[in-house]
Amino acid sequence: MSLFYSSLDLPPASRFPGLSSNGAIYHERMARVLDGAAIAAEIKAEVKAEVERLVAQGIRPGLAAVLVGNVPASEIYVRSKVKTCEALGLFSELITPPETVTTKEMLALIERLNAREDIDGILVQLPLPPQVNAKQLLEAVSPDKDVDGFHPVNVGRLQTGQPALAPCTAEGIIEILKRSRLPIAGQNAVVVGRSDIVGKPTAILLLAENATVTVCHSKTRDLGSFTRQADILVAAIGKPALITVEMVKPGATIVDAGINRVTDRAQFQRYFAGNERREEAFLQKGSTIVGDVLPAAYEQAGAYTPVPGGVGPLTIAMLMANTVRAAKLRRGLPA
């Protein structure tokens with residue numbers, strides 16, 4: 001576990017006059033920054049060691065990544081996954097069908113990958129071209145090789161507490177909390193966002209850890225009345241800086257899973273006014289990213305994940321872990 005204070009993102013020291021639990025007056029709190037990159041590196045090291053043990057038994061976990069067409073952002077992301085596989089000793093194969101590929105052709109490809117013994121995980125990078133039925137394709141992936149955790153069978157297994165491959169970002173959120181030794185059991189956890197990829201599975205995983213979970217979303221009335229009760233606040237709704245200072249319970253743990261691109265100068269000023277290093281980077285690149293939590297709201301937290309450098313690095317790390325887990329489950333090994 002590694003904790004750091006980011007000179008780029010850390011807000012100034014906060015002052016909240018009031019009483020502590022023992023009646024003493026407190027005046028200052030410094031939020032603890034949860035280093036997602038360090039936690040991801042720790043998980044990758046564990047995956048690498050496990051791969052070495054499996055290879056010694058004649059098993060090399062394998063991941064097939066399917067990337068359709070030429071989407072620059074997707075290309076960078078998928079190639080990063082393939083590169084990570086190589087670094088950790090996993091077998092990987094990048095398959096690049098043309099932009100004109102049909103649903104029928106893609107289904108045939110998935111069928112071949114399902115049948116291959118050297119492939120333990122199948123990753124279909126989204127988005128897909130409009131002529132491809134993405135839902136049909138994702139459901140065609142064998143649940144045992146569904147390392148993204150999107151298949152309805154894995155969703156059902158996860159919800160009923162059976163061994164399952166869970167969505168990587170949701171798994172990463174739980175790993176951050178556990179490896180940072182932050183309490184989960186008995187805590188009031190509020191998840192803002194109900195996507196199948198992050199919000200819903202995160203709520204299920206928090207329930208499995210005995211948190212009391214509330215799920216909020218874009219139609220929730222008086223959102224702040226819920227978030228102010230949260231000991232653990234997970235923001236995963238895809239709306240920049242939606243969670244403001246007055247919506248955070250002092251001392252709460254904030255997990256910010258949002259990644260929102262900011263290119264407008266006025267918008268930048270609303271989110272990062274006074275942050276000279278962030279402004280310098282913004283002027284150089286013409287853009288920056290902000291989470292679903294207003295940066296100033298981090299001041300209220302007892303601990304929080306920064307954006308960038310918080311939840312993001314865990315996604316690829318958990319994909320690697322899921323591939324190894326799939327390899328073991330498929331062979332009846334303890335996972």
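The values are calculated or read from the model by the stated rules, or taken from the named source; none is laboratory data. Quick caveat, the model's predicted, so the values are computed rather than measured. A quick note on method: Cβ atoms are made from the backbone with ideal geometry, for glycine too, and the neighbour counts reach across all protein chains shown.
Pairing residues of region 162-190 that are at negative phi with residues that are of a type in the set (Lys, Arg) and not in a strand (DSSP E or B), at Cβ distances under 8 Å and at least 6 apart in sequence or on separate chains, gives Pro163/Arg157; Ala164/Arg157; Leu165/Arg325; Ile184/Lys178.
With respect to Ala56, is the statement that it is over 20 Å from Gly312 (Cα atoms) and either at pLDDT 95 or above or among the hydroxyl-bearing types (Ser, Thr, Tyr) (or both) true?
Values: over 20 Å from Gly312 (Cα atoms): yes; either at pLDDT 95 or above or among the hydroxyl-bearing types (Ser, Thr, Tyr) (or both): yes.
So Ala56 fits the description; yes.
Between Gly274, Gly302, Gly258, the distinction of being farther than 26 Å from Val198 by Cα and either at pLDDT below 95 or touching a Lys or Arg at 6+ places or on another chain (Cβ under 9 Å) (or both) belongs to Gly274 only. Scanning region 30-62 for residues that are in contact (Cβ under 8 Å) with a residue 40 or more places away in the chain, over 20 Å from Val324 (Cβ atoms) and in contact with a Phe, Trp or Tyr (Cβ under 8 Å, 6 or more places away or on another chain) returns Ala31, Arg32, Val33, Leu34, Asp35. Contact map, region 290-307: first residue under 11 Å from Lys249 (Cα atoms) and in contact (Cβ under 8 Å) with a residue 60 or more places away in the chain, second residue surrounded by 23 or more Cβ atoms within 10 Å (Cβ to Cβ) and β-branched (Val, Ile, Thr), Cβ cut-off under 7 Å, separation 6 or more or different chains; pairs are Tyr298/Ile254; Gln300/Val248; Ala301/Val248; Ala301/Thr253; Ala301/Ile254; Gly302/Thr253.
Against the criterion of being modelled with pLDDT of 95 or more and either basic (Lys, Arg) or touching a Gly at 6+ places or on another chain (Cβ under 9 Å) (or both), Ala296 does not qualify.
The set of residues from region 276-288 being in a helix (DSSP H, G or I) and either farther than 26 Å from Ile237 by Cβ or not aromatic (Phe, Trp, Tyr) (or both) comprises Glu276, Arg277, Arg278, Glu279, Glu280, Ala281, Leu283, Gln284, Lys285.
Does region 191-203 hold any residues that are surrounded by fewer than 21 Cβ atoms within 10 Å (Cβ to Cβ) and either hydrophobic (A, V, I, L, M, F, W, C) or free of Cβ contacts under 8 Å to residues at least 12 places away in the same chain (or both), and which are they?
In the first step, residues of region 191-203 are kept if they are surrounded by fewer than 21 Cβ atoms within 10 Å (Cβ to Cβ); the result is 194-197, 200.
Within region 191-203, just Ile197 meets the criteria.
Please work out if Thr227 is closer than 18 Å to Gly310 by Cα and crowded, with 21+ Cβ neighbours inside 10 Å. Spelling it out, it is not the case that Thr227 is closer than 18 Å to Gly310 by Cα and crowded, with 21+ Cβ neighbours inside 10 Å. Of all residues in region 289-314, those that are part of a helix (DSSP H, G or I) and surrounded by fewer than 24 Cβ atoms within 10 Å (Cβ to Cβ) total 5.
Any chance region 97-111 includes a residue that's within 21 Å of the chain's Cα centre (by Cα) and not in a loop (DSSP other than H, G, I, E, B)?
no
Is it true that Ala45 is of a type in the set (Gly, Ala, Ser), crowded, with 16+ Cβ neighbours inside 10 Å, at pLDDT 85 or above and not in a loop (DSSP other than H, G, I, E, B)? Here the answer is no, as Ala45 does not meet what is asked. Among residues of region 314-335 that are more than 16 Å from Ala257 (Cβ to Cβ), those with a beta-carbon under 7 Å from a residue that is of a type in the set (Asp, Glu) at least six positions away or on a different chain give the pairs Thr323/Asp120; Val324/Glu50; Ala326/Asp120; Ala326/Asp144; Ala327/Asp120; Leu329/Asp144; Arg330/Asp120; Arg330/Asp144.
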